[in-house]
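The values are calculated or read from the model by the stated rules, or taken from the named source; none is laboratory data. Given the structure is predicted, the values throughout are model-derived calculations rather than measurements. Every residue, glycine among them, receives a Cβ derived from its backbone with ideal geometry; neighbour counts consider all protein chains shown. These accessible areas exclude ligands, DNA and RNA; they are computed on the full protein's heavy atoms, side chains included. Shrake-Rupley method; radii C 1.70, N 1.55, O 1.52, S 1.80 Å.
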Amino acid sequence: MSSITIDAPESRSAYPSSTVSTEKDYQSIIKISVWILGAIIFCLAMIDFYAQTYANESGFALQTAQEDLLKLNEDLRVSDIENYLVGSPTVQTSPADKYTHMCKQMKKYTWQGFFQTYSISVYLGLGNDPSVDFVHVSGETTEKPSVLASYSHN
């Protein structure tokens with residue numbers, strides 16, 4: 001005769017083994033950590049994206065306004081700059097580093113992103129409310145600005 005042992009239901013564990021449960025807990029913790037880290041990186045990238053967008057929009061708005069006013073034989077003045085800025089940049093005023101033959105002062109508007117800093121430089125003339133002679137957006141590749149070139153031809 002063969003002997004078969006049958007365990008009574010009371011003697012069997014009602015819970016699965018603890019190693020399977022611990023494995024699932026670790027997997028859940030890893031998944032949650034990856035999602036949280038991804039969300040943090042995404043938020044930081046968005047901060048950087050908005051800083052870059054604000055700098056580019058402000059620079060192009062100033063350049064467009066300057067070109068439109070030049071067509072009307074008027075100048076964009078330093079008092080008008082605030083109307084074209086997007087966001088809240090920090091401002092530094094210093095002597096002009098480029099184009100000093102025409103510009104005496106430079107205002108640098110800076111937007112701080114998380115990974116990088118974005119800025120535009122506005123070169124000004126003389127006077128109480130000086131004219132904006134040139135706007136340089138940090139991503140531009142042109143070395144000689146078209147506005148200064150139009151001044152030199154006249």
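Points to keep in mind about this one:
- Residue that is least open to solvent (accessible area, probe 1.4 Å), among those in segment 86-114 that are within 17 Å of Ile47 (Cα to Cα) and not aromatic (Phe, Trp, Tyr): Gly113
- Boolean, Ser58 is among the small types (Gly, Ala, Ser), under 23 Å from Met46 (Cβ atoms) and crowded, with 19+ Cβ neighbours inside 10 Å: yes
- Of all residues in segment 42-101, those being in contact (Cβ under 8 Å) with a residue 60 or more places away in the chain, in contact with a helix residue (DSSP H, G or I) (Cβ under 9 Å, 6 or more places away or on another chain) and among the charged types (D, E, K, R) number 1.
- Selected residue (criterion: nearest to Glu74 (Cα to Cα)) from residues of segment 115-140 that are exposed (fewer than 14 other Cβ atoms within 10 Å of the Cβ) and among the hydrophobic types (A, V, I, L, M, F, W, C): Leu126
- Taken over segment 4-41, the criterion of being open to solvent by 80 Å² or more (accessible area, probe 1.4 Å), within 35 Å of the chain's Cα centre (by Cα) and either at pLDDT below 85 or over 30 Å from Phe115 (Cβ atoms) (or both) is satisfied by Gln27 alone.
- Among the candidates Ser58, Ser119, Ser79, Ser94, the residue that is touching a Leu at 6+ places or on another chain (Cβ under 6 Å) and either of a type in the set (Ser, Thr, Tyr) or in a loop (DSSP other than H, G, I, E, B) (or both) is uniquely Ser58.
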